[in-house]
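Participant: First, the structure itself, so that you have it in front of you.
A short reminder: the numbers here are calculations on the coordinates, not readings from a lab. It should be emphasised that the depicted structure is a prediction, and the values quoted were computed from it without experimental measurement. A quick note on method: Cβ atoms are made from the backbone with ideal geometry, for glycine too, and the neighbour counts reach across all protein chains shown.
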Amino acid sequence: MILLCSNGLSSYELLQEAKKAMGGAGRAALVVTADPEYKEKNYHVERCCQEFAYLGLETDIFDLDAQPAGQLLQYGVVELIGGNPYYLLDSIRRHNAGDALRRIAGEGLLIGWSAAAMVLGPDLGLVDQYSPEMNRVGLTDLRALGLAQVRVLPHYSRFCTRFEDFEGRCRAYEQRHGCKVIRLNDGEGVMLEPEPRMVRLPMGVNVAGVAFHNPLIAASGTFGFGREYGQLYPLSLLGGVSCKGITIKERPGNPPPRVTEAPGGMLNAVGLQNPGVDHFIREDLPWLSKQGTRIIANVAGNAPEDYCQTVEKLNGTCVDMVELNISCPNVKQGGVQFGTTAQGVEGITKEVRKHCQKPLMVKLSPNVTDISEMALAAEAAGADAVSLINTLTGMRIDIRTHRPIIRNNTGGFSGPALLPIALRMVWQTAQKVKIPIVGLGGVSTWQDAVEMLLAGATALQIGTVLFTDPYAPQKILEGLTRFMEEQGVQSLSQLTGGVRPW
């Protein structure tokens with residue numbers, strides 16, 4: 001069986017397809033021969049190995065330039081990594097690897113992505129139209145292996161922004177050669193069994209022009225920068241990660257104790273402890289950018305210039321979106337939070353919008369009279385989306401010492417108990433604004449996720465549940481998949497705003 005894809009098994013859907021097709025294989029070979037510079041230095045290798053580990057497979061790195069192609073027959077699953085399609089095709093020919101790959105496709109699972117997805121197809125004519133400079137090996141015979149009779153174009157959405165009139169040129173190619181090209185975005189694929197079957201992203205959503213494989217985003221402050229959770233499962237399972245709140249300079253956070261349990265949730269007053277934006281860009285973002293998920297930078301500050309300087313530093317990075325945390329004290333206004341008045345929301349959003357070149361999402365506080373008015377203010381000031389709700393202010397008291405359990409006296413309350421309040425606020429806000437809403441607050445199960453979407457959210461964030469069940473994202477995705485099948489829902493976005501009030 002052959003699976004062609006765009007960027008490895010970088011979505012929940014592709015992982016499930018591979019799991020069904022791999023049989024009882026215990027080991028997989030990851031072929032890294034598509035470029036001399038790639039090999040084991042290819043930053044995709046770590047992610048691909050992690051994806052196989054998630055499927056229960058041990059992985060061996062395999063190089064056709066150094067190992068006999070016949071050894072591939074020892075593996076039930078073989079994945080050909082991306083790189084330079086000309087080099088990969090030339091290497092396969094030089095090492096007579098075509099027959100081995102053909103046998104694997106007939107007996108096990110052969111995965112080809114990016115460059116390899118083209119090499120397994122009929123020819124390299126399509127890539128030769130766009131990137132002939134990659135033909136550094138001087139191939140004149142562009143016929144590929146022909147194991148797959150479909151022509152795929154990987155990384156389609158990325159190429160659309162890279163080349164002028166990319167779609168028009170692709171259509172012209174189809175007309176000229178009398179063929180059909182399958183456009184594949186990252187996370188999508190084609191399963192050949194033996195007829196081609198598309199693997200699309202029915203849970204995919206779009207927030208302010210940013211495409212997410214699914215609506216699940218790890219909420220800021222609950223996921224760090226993803227390294228710890230990345231040891232448990234591929235972060236590509238998630239639609240995105242909203243990183244721990246970052247500020248212009250490093251912050252130590254509040255003194256402990258600063259976290260405590262509460263009925264139906266938890267209280268925290270961590271105080272935005274973080275290493276600062278420069279450290280984030282230098283040390284954390286390079287790793288996170290290789291994980292196959294969308295990156296949202298949560299930005300905080302104590303004055304407008306703090307926010308503006310931070311987002312300016314993020315403009316030139318691979319961050320997909322900025323989330324503005326306005327539940328911060330404005331020191332220039334005596335410590336009043338930016339997000340507690342419509343005037344404050346509009347002012348800080350408008351100022352940051354002047355400096356932010358990324359899609360801008362404003363995270364709204366529920367500690368206000370009418371959160372929908374805050375959302376309208378953010379929209380009027382240029383926000384591309386809003387996320388709500390942030391934590392409610394709460395308190396716990398030690399009955400023996402008579403002191404608040406949290407050193408800060410009060411903290412932000414989050415967890416399952418917040419869900420009814422968050423649903424009401426998302427629903428009210430959806431009646432007012434035209435920009436997308438990312439809903440959060442108490443989402444712990446797939447049923448909660450469906451409720452949040454029906455209330456009006458386009459996507460959603462999960463946070464506190466990750467502390468009690470780090471595998472909650474996987475369980476929510478499984479539940480959403482079953483729900484869509486049972487209800488005949490073709491696209492999860494169809495649920496957004498689908499509640500029918502009495």
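Participant: At a 10 Å Cβ-Cβ cut-off, how would you order Arg500, Arg176, Arg151, fewest neighbours first?
Facilitator: Going from least to most buried by this count: Arg500, Arg176, Arg151.
Participant: Something else now. Between Arg143 and Glu195, how high is the FRET efficiency from 1/(1 + (r/R0)^6) when r is the Cβ-Cβ distance and R₀ = 22 Å? Nearest 0.05.
Facilitator: 0.45
Participant: Which FRET efficiency, nearest 0.05, do Glu46 and Asn315 yield, Cβ-Cβ r, R0 25 Å?
Facilitator: Step by step, r from the Cβ atoms, then E = 0.35.
Participant: Starting from the stretch 420-496, pick out the chymotrypsin sites (Phe, Trp or Tyr not before Pro) whose DSSP state is loop and whose Cβ has at most 16 other Cβ atoms within 10 Å.
Facilitator: Tyr471
Participant: From the residues Ala269, Gly239, Gly463, which one has its Cα farthest along the dipole of the stretch 206-495 in the positive direction, the dipole being from +1 and -1 charges on Cβ of Lys/Arg and Asp/Glu about the Cα centre?
Facilitator: Value computed over the given set: Ala269.
Participant: What is the spin-label model distance, in nm, from Ser491 to Ile61 if the labels are put 7 Å beyond Cα along the C-beta direction?
Facilitator: With each label placed 7 Å out from Cα toward Cβ, I get 4.1 nm.
Participant: Give me the one-decimal nm value for the distance between modelled label points at Arg282 and Arg400, 7 Å along each residue's Cα-to-Cβ direction.
Facilitator: About 4.6 nm separates the two model spin labels.
Participant: Name the shape class, rounded, prolate or oblate, that the alpha-carbon gyration tensor gives for the stretch 418-502, where a ≥ b ≥ c are the square roots of its eigenvalues, rounded holds for a/c under 1.5, and otherwise prolate holds if a/b is larger than b/c and oblate otherwise.
Facilitator: oblate
Participant: Is the shape of the stretch 115-235 rounded, prolate or oblate, going by the alpha carbon gyration tensor and its root eigenvalues a ≥ b ≥ c, with a/c under 1.5 for rounded and a/b larger than b/c for prolate?
Facilitator: Judged from the Cα gyration tensor, the stretch 115-235 comes out prolate (a/c at least 1.5, a/b above b/c).
Participant: Post the alpha-carbon centroid distance, the stretch 266-297 to the stretch 246-261, in whole angstrom.
Facilitator: Going from one Cα centre to the other spans 14 Å.
Participant: Let me ask something additional. Nearest-5 percent of antiparallel DSSP beta bridges in the chain?
Facilitator: 35
Participant: Beyond 25 Å between alpha-carbons counts as too far, so tell me which of Lys290/Lys350; Lys313/Lys354; Lys244/Lys434 fall in that bin.
Facilitator: Over 25 Å apart, Cα to Cα: Lys290/Lys350; Lys244/Lys434.
Participant: Could you pull out the GluC sites (Glu not before Pro) across the stretch 16-114 that fall in loop regions by DSSP (anything but H, G, I, E, B) with no more than 11 other Cβ atoms inside 10 Å?
Facilitator: Glu37
Participant: Among DSSP beta bridges lying fully in the stretch 101-237, give the percent that are antiparallel, nearest 5.
Facilitator: Among the beta bridges of the stretch 101-237, antiparallel pairing accounts for roughly 75 percent.
Participant: Now for a different question. Using the Cα gyration tensor of the stretch 109-184, with a ≥ b ≥ c the square roots of its eigenvalues, what is the shape: rounded (a/c below 1.5), prolate (a/b larger than b/c) or oblate (neither)?
Facilitator: Since a/c stays below 1.5, the shape of the stretch 109-184 is classed as rounded.
Participant: For the peptides 384-397, 243-256, what is the packing order when you average, over each peptide's residues, the other Cβ atoms within 10 Å and list the highest mean first?
Facilitator: Most protected by this proxy first, the peptides run 384-397, 243-256.
Participant: Given 10 °C and 1.306 mPa s, compute D for the stretch 257-320 with the Stokes-Einstein relation, Rh being the Kirkwood radius over Cα pairs; round to the nearest whole µm²/s.
Facilitator: Using the Kirkwood radius from Cα pairs, D works out to 114 µm²/s.
Participant: Enumerate by residue number the trypsin sites (Lys or Arg not before Pro) in the stretch 431-502 meeting two conditions: DSSP loop (anything except H, G, I, E, B), and at most 12 other Cβ atoms within 10 Å of the site's Cβ.
Facilitator: Answer by residue number: Lys434.
Participant: Let me ask something else about it. Using a 7 Å offset from Cα along Cα-Cβ at Lys350, what residues in the stretch 296-315 end up with backbone N under 19 Å from the label point?
Facilitator: Residues passing the 19 Å test: 303-309.
Participant: Could you list Val32, Val241, Val426, Val499 so that the one with the fewest beta carbons within 10 Å of its beta carbon is first and the one with the most is last?
Facilitator: Val499, Val32, Val241, Val426
Participant: Counting Lys +1, Arg +1, Asp -1, Glu -1, what net charge surrounds Val299 among other residues with beta carbon under 9 Å of its beta carbon?
Facilitator: Its environment carries a net charge of -2.
Participant: Still on this structure, I have one more. Stretch Ser289-Ala172 to full length: gain in nm at 0.36 nm per residue minus the Cα-Cα span?
Facilitator: Full extension from Ser289 to Ala172 adds 38.8 nm.
Participant: How much mean residue ellipticity at 222 nm does the chain get from its helices, if each DSSP H run of length 4 or more adds -39500 (n - 2.57) and you divide by all residues, to the nearest 500 deg cm²/dmol?
Facilitator: -8500 deg cm²/dmol
Participant: On to the next question. Roughly what percent of Cα-Cα pairs across the stretch 178-279 reach past 23 Å?
Facilitator: Everything past 23 Å amounts to 51 percent.
Participant: Which order, highest average first, do 162-170, 405-413, 226-234 follow once you tally other Cβ atoms within 10 Å for each residue and take the mean per peptide?
Facilitator: Top to bottom by mean Cβ count within 10 Å: 405-413, 226-234, 162-170.
Participant: Place +1 on the Cβ of every Lys and Arg and -1 on the Cβ of every Asp and Glu in the chain, take the dipole about the Cα centre, and give the residue among Gly121, Val31, Cys170 whose Cα lies farthest towards its positive end.
Facilitator: Farthest towards the positive pole: Cys170.
Participant: What is the Cα centroid distance between the stretch 5-69 and the stretch 86-150, reported in whole angstrom?
Facilitator: 17
Participant: Sticking with this one: Once the chain is represented by equal point scatterers at the alpha-carbon sites, with solvent omitted, what log10 I(q)/I(0) does the Debye formula produce at q = 0.06, 0.08, 0.11, 0.13 Å⁻¹?
Facilitator: With one equal scatterer per Cα and no solvent, log10 I(q)/I(0) is -0.31, -0.54, -0.94, -1.20.
Participant: Hey, another quick one. Using just the alpha carbons, could you tell me how many Å³ per residue the convex hull of the stretch 1-53 encloses?
Facilitator: Convex hull of Cα atoms, per residue: 92 Å³.
Participant: What is the Cα coordinate range of the stretch 206-495 on the first, second and third principal axes, sorted by size from largest, in whole angstrom?
Facilitator: Largest to smallest, the principal-axis extents are 53, 50, 39 Å.
Participant: Given 0.36 nm per residue, what is the gain on full extension from Val259 to Phe467 after removing their alpha carbon distance, in nm?
Facilitator: 73.7 nm
Participant: How large is log10 I(q)/I(0) at q = 0.10, 0.11, 0.16 Å⁻¹ when the Debye formula is applied to the Cα atoms of the stretch 2-201, each weighted equally and without solvent?
Facilitator: -0.37, -0.45, -1.00
Participant: Once the dipole of the chain is set up with Lys and Arg at +1 and Asp and Glu at -1 on Cβ about the Cα centre, which of Val368, Met425, Gly106 lies farthest towards its positive end?
Facilitator: Val368
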